[in-house]
Amino acid sequence: MKPGMTGLPAPVLALGLAVVAASVSDGPVPPALGAVFAPSVPVAQSGATVVRVPISGTIELGVAPFVARALSEAAESGAPAVIIELDTPGGRVDAAWKIIDDLRDAEVPTYAYVNRRALSAGAMIALATDRIYMRPGSTIGAATPVTGEGEKAPEKMVSAMRSEFRALAEERGLDPLIAEAMVDESIEVPGVSEAGRLLTLTTDEATAIGVADAEVRDLIELLEVMRLPAAPVREVQPNWAEAIVRFLTNPAVAPLLLSLGFLGLIVEVRTPSFGVAGAVGLASLAAFFGAHHLVHLAGIEEILLFGAGAVLIALEVLVIPGFGVAGILGTAAILGAAVMGMVGQVPTFDQVFNAAGLVSLSIILVGVATWALVRHLPRSNRFSGLFLRDSTSRETGYLSVPPREDLVGALGVTSTDLRPTGVAIINDERIHVVTEGPWLETGTPIRVLEVASGRVLVRRAKQSPESEQRNEV
């Protein structure tokens, strides 16, 4: 390389002159120099720890509280930076919205490290950070929202996502068309993406157009680029409460909680008092709504609706006999609260349809479980002690009351008014009787017509027992 007049290589001299000219004229630094002369990250103080937050797999509802806690702990500990490490195909849009809101409000500088892929909701999270770094061979983009069946979401949802990506790109100083092309394949970006092809960028492509700030091989190189080579790194993992919330909000677990809740309430409605089944049912429903409330799906409205339904069912079980209007309204309120608790703040038709499908699945599981209990549990050897198998029939000598055929035809006198039941003296014995006709006053002579199942049927007699005895004498 041939040196210039100053003794420096010509490229270095040209580079210095370009920077000086840009600074004197208050013009922008050429794009090719932006990565070299970008503002550097402050060097970490002694003992400061960088916080690393891994987000891998599908972005579920429980990821948002986990990220919020990590950002809060990083701010409290004085961390110089938070690294959001992404390897995700995407997930729920409402969960990603909550995460990007927390990233925008973070008190600590946030940096995305795309470790393999940041697709769909993962790309939106990456764009919400202060800077993006990508591992070689990684991808970012492909953010078209889809329904539960894997089909493209309605235009209303696509428009909302397109606007969200455009706003994030404008905050980071990127070309908004590049971000919109990740959501809508109809958008063309000259020199980057043609119309009809959804934009997904590799590491080289993302760094070339400025979506990613640099390519780094691993976490060690990332810390060097961030000017934090000696800073220790602390990885944040979900705590037990967040793990439980993620488990309870899992699409495979939520229908089981609803099924247990509905099954317990059905058993309670069919029993005269409140017992174990009702407690298990209410606990399952409380776990369902509590977990969804923590991930900001179920609000106070859903909880109040669920509480009103539980109160109505309790009234049906404990106060009102049978199963009537209160029970129907209570069941409908709980079902409605369950559907509302599984959709986001701005639910689409597909989300409501999927939530209703999960509730319907829960009802089907309850029906199958009830049928299995009624049909097979009484014959189970393990649970045979819970059921009474022996019968006490009349043919085997078991009677609810002793037979009194000897009273048929006997005369007596009512000792109380019969309206239509009362007490009569028959053969010097006080017996509960019922008249077949009009009510009878005290002291009326009666005759026994029939005795069946402990029921003594009488009618007015033409003569008293004393006169009958005189006639016999």
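A few remarks follow.
- Selection within region 98-134 - among the β-branched types (Val, Ile, Thr) and over 17 Å from Ala79 (Cα atoms): Ile99, Ile100, Val114, Ile125, Ile132
- Unmet requirement for Pro154, which otherwise passes all of (1) open to solvent by 10 Å² or more (accessible area, probe 1.4 Å); (2) under 26 Å from the mean Cα position of the chain (by Cα); (3) under 23 Å from Ile209 (Cβ atoms); (4) not β-branched (Val, Ile, Thr): (3)
- Taken over region 173-201, the residue count meeting the criterion of being closer than 21 Å to Ile125 by Cα, more than 34 Å from the chain's Cα centre (by Cα) and open to solvent by 40 Å² or more (accessible area, probe 1.4 Å) is 3.
- Taking every residue in region 137-151 that is modelled with pLDDT of 80 or more and pairing it with any residue that is polar (S, T, N, Q) and open to solvent by 30 Å² or more (accessible area, probe 1.4 Å), at least 6 positions away or on another chain, the pairs with Cβ-Cβ distances below 6 Å are Thr139/Thr200; Thr139/Thr202; Gly141/Thr200; Ala142/Thr200.
- Some residue of region 13-35 being in a helix (DSSP H, G or I) and at pLDDT 50 or above: no
- Residues located in region 87-113, provided they are under 16 Å from Val146 (Cβ atoms) and either open to solvent by less than 20 Å² (accessible area, probe 1.4 Å) or modelled with pLDDT of 95 or more (or both): Thr88, Gly90, Ala95, Ala96
- Looking only at residues in region 202-224 that are in contact with a Phe, Trp or Tyr (Cβ under 8 Å, 6 or more places away or on another chain) and part of a helix (DSSP H, G or I), the one that is most open to solvent (accessible area, probe 1.4 Å) is Leu219.
- Only one of the listed residues (Glu316, Glu301) is crowded, with 20+ Cβ neighbours inside 10 Å, modelled with pLDDT under 75 and assigned to a helix (DSSP H, G or I). That residue is Glu316.
- Any chance Arg227 is part of a loop (DSSP other than H, G, I, E, B), under 30 Å from Ala81 (Cα atoms) and either open to solvent by 80 Å² or more (accessible area, probe 1.4 Å) or among the β-branched types (Val, Ile, Thr) (or both): yes
- Selection status of Ser467, in a loop (DSSP other than H, G, I, E, B), at pLDDT below 85 and open to solvent by less than 40 Å² (accessible area, probe 1.4 Å): no
- Checking every residue in region 152-173 against the condition of being aromatic (Phe, Trp, Tyr) and closer than 23 Å to Glu224 by Cβ gives zero matches.
- Residue check for Arg116: closer than 27 Å to Thr207 by Cβ, open to solvent by 10 Å² or more (accessible area, probe 1.4 Å), out of contact with any helix residue (DSSP H, G or I) (no Cβ under 9 Å at 6 or more places or on another chain) and without any contact (Cβ under 8 Å) to a residue 60 or more places away in the chain: yes
- The residues on offer are Ile84, Ile59, and the sole one that is under 21 Å from the mean Cα position of the chain (by Cα) and either at pLDDT 85 or above or surrounded by fewer than 12 Cβ atoms within 10 Å (Cβ to Cβ) (or both) is Ile59.
- Being under 60 Å from the mean Cα position of the chain (by Cα) and open to solvent by 20 Å² or more (accessible area, probe 1.4 Å) is not true of Ser415.
The values are calculated or read from the model by the stated rules, or taken from the named source; none is laboratory data. The structure presented is a predicted model; accordingly, all values stated were derived computationally and were not measured. FYI the Cβ positions are ideal-geometry reconstructions off the backbone, even for glycines, and counts take in every protein chain you see. Protein only, heavy atoms only, side chains kept; ligands, DNA and RNA dropped before computing areas. Shrake-Rupley method; radii C 1.70, N 1.55, O 1.52, S 1.80 Å.
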